[in-house]
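The values are calculated or read from the model by the stated rules, or taken from the named source; none is laboratory data. What you see is a predicted model, and the numbers here were worked out from it, not measured in a lab. For neighbour counting, all protein chains shown are included, and Cβ atoms are generated from backbone atoms with ideal geometry for every residue, glycine included. Note: areas computed on protein heavy atoms with side chains; ligands, DNA, RNA excluded. Shrake-Rupley method; radii C 1.70, N 1.55, O 1.52, S 1.80 Å.
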Amino acid sequence: MTRIAVAGASGLIGSALVRSLTADGHEVRRLVRRAPRAADEIRWDPTKGEVDTGGLTGCEAVVNLAGAGVGDHRWTDAYKREIRDSRVLGTTTLAEALAALPTPPRVFLNGSAVGYYGCTGGRAVDESAPAGEGFLPSVCVAWEAATAPAHQAGIRTVLARTGLVVSRSGGAWAKLFPLFKAGLGGRLGDGRQYWSYIALHDHVAALRHLLDSEDVSGPVNLTAPHPATNREVTAAMARVLHRPALVPAPAVALRLVLGEMAGDVLGSTRAVPARLLESGFTFAFPDLEQAIRAA
C-alpha cells in the first residue's frame, strides 16, 4: 500500500484517479479547503499559502490537479485571475511545503495543459516545443514554473500537460453530448482546428503510469496519439450517437457568445504524447471513436 495525497480530488480527473487508487488498496489523502471531516482529509488554503504539512507526512506521492475550470465561465478579467491564481498559488503552496518536509515524497505530479503550446495550426508538437503566446500559454508557463521548489529539493517532478478529456461526466467534452443527442451538434468555425483529446480511462491510467515511472520527469503530454480535427470530432460524435450533425457554429457567433475564450475554441493545438509513448505507456482507447464510445 502506498499513501498518496491528491489536490483537486473532487474534479472530473481527480475523483476518477481517487477511485482507481483506492480500488487497488492505496491510501489516498484528499486536500480540502474546509475543515476536515474525515481522517483522510488534509486542510489547505492555497490562496493564503497554507497547508497542513502533518497530513502530507508519510505520503510517497502528491498529485495536484486543482484549478478553476477554464470553460466554466466567460473570461472576464476577474475570472482570468481566478484561472491563473487557482493554479499558480496552489502549486506554489504545495511545492514549497513538500520541499520543506523532513522526508519529502518521491514524486510530485502536477497538472498542466496542452494550452502551453498555444495555437500550432496543423503542425504537430511534442514536449520539446516552446510555449505559445496568449493567455492560456502564459498561465501554463507560470503554473509549471511554480513547481520549482519541489524540483530543486530533489523531488521527481512531472508536469502532466492534459488535452481535452473525453467524458460525459464533466469537463468541456461533457457539454457536447447533450447537444449531439438533441441533434444540435455541428462543427465549430471551419472545423479544421485540431483537438488533442484523451479518454478519461487513459488519462487516469497515464497518471498512475507516471507515478510509477521513476525515470520520467518534466513535461509529458497526456493526449491520444492522433489528434483529430473538429470536423472529425463532429462526424465521430454523430456516428456514435446516431444523430445528424448539421448545426455549425460560425466563428463570429462563437466570438459573440464566448468572448476572448472563442480564440482558444477556434484555435488548433496538435499535441502528440511522445514522452508518454517512449516511457512504455499503452492506450486502451487510442482512436477517437473508441474514446467517445468509452465515454
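Scanning the stretch 1-30 for residues that are of a type in the set (Gly, Ala, Ser), touching a Ser or Thr at 6+ places or on another chain (Cβ under 9 Å) and in a helix (DSSP H, G or I) turns up Ser15, Ala16.
When Ala78 is tested against (1) surrounded by 18 or more Cβ atoms within 10 Å (Cβ to Cβ); (2) more than 30 Å from Arg192 (Cβ to Cβ); (3) among the aliphatic types (A, V, I, L, M), just one condition goes unmet, and that condition is (1). Could you tell me whether the stretch 70-82 includes any residue that is acidic (Asp, Glu), under 25 Å from Val233 (Cα atoms) and either in a strand (DSSP E or B) or under 16 Å from the mean Cα position of the chain (by Cα) (or both)? Yes: one or more hits.
Within the stretch 197-228, the set of residues being within 16 Å of Ala172 (Cβ to Cβ) and open to solvent by 10 Å² or more (accessible area, probe 1.4 Å) comprises Leu200, Pro227. Within the bounds of the stretch 100-107, is there any residue that is β-branched (Val, Ile, Thr), farther than 16 Å from Gly8 by Cβ and open to solvent by less than 30 Å² (accessible area, probe 1.4 Å)? Yes: the stretch 100-107 contains one or more residues that are β-branched (Val, Ile, Thr), farther than 16 Å from Gly8 by Cβ and open to solvent by less than 30 Å² (accessible area, probe 1.4 Å). When the helices (runs of 4 or more DSSP H) confined to the stretch 109-189 are screened for residues that are under 15 Å from the mean Cα position of the chain (by Cα) and among the β-branched types (Val, Ile, Thr), those reaching at least 1 such residues are found at 135-145. Is it the case that some residue within the stretch 175-183 is of a type in the set (Gly, Ala, Ser), open to solvent by less than 30 Å² (accessible area, probe 1.4 Å), closer than 29 Å to Ala61 by Cα and at pLDDT below 95? There is no residue in the stretch 175-183 that is of a type in the set (Gly, Ala, Ser), open to solvent by less than 30 Å² (accessible area, probe 1.4 Å), closer than 29 Å to Ala61 by Cα and at pLDDT below 95. Among the residues of the stretch 43-60, is there at least one that is open to solvent by less than 10 Å² (accessible area, probe 1.4 Å), within 19 Å of Ala150 (Cα to Cα), touching a strand residue (DSSP E or B) at 6+ places or on another chain (Cβ under 7 Å) and not in a helix (DSSP H, G or I)? Yes, the stretch 43-60 has at least one match.
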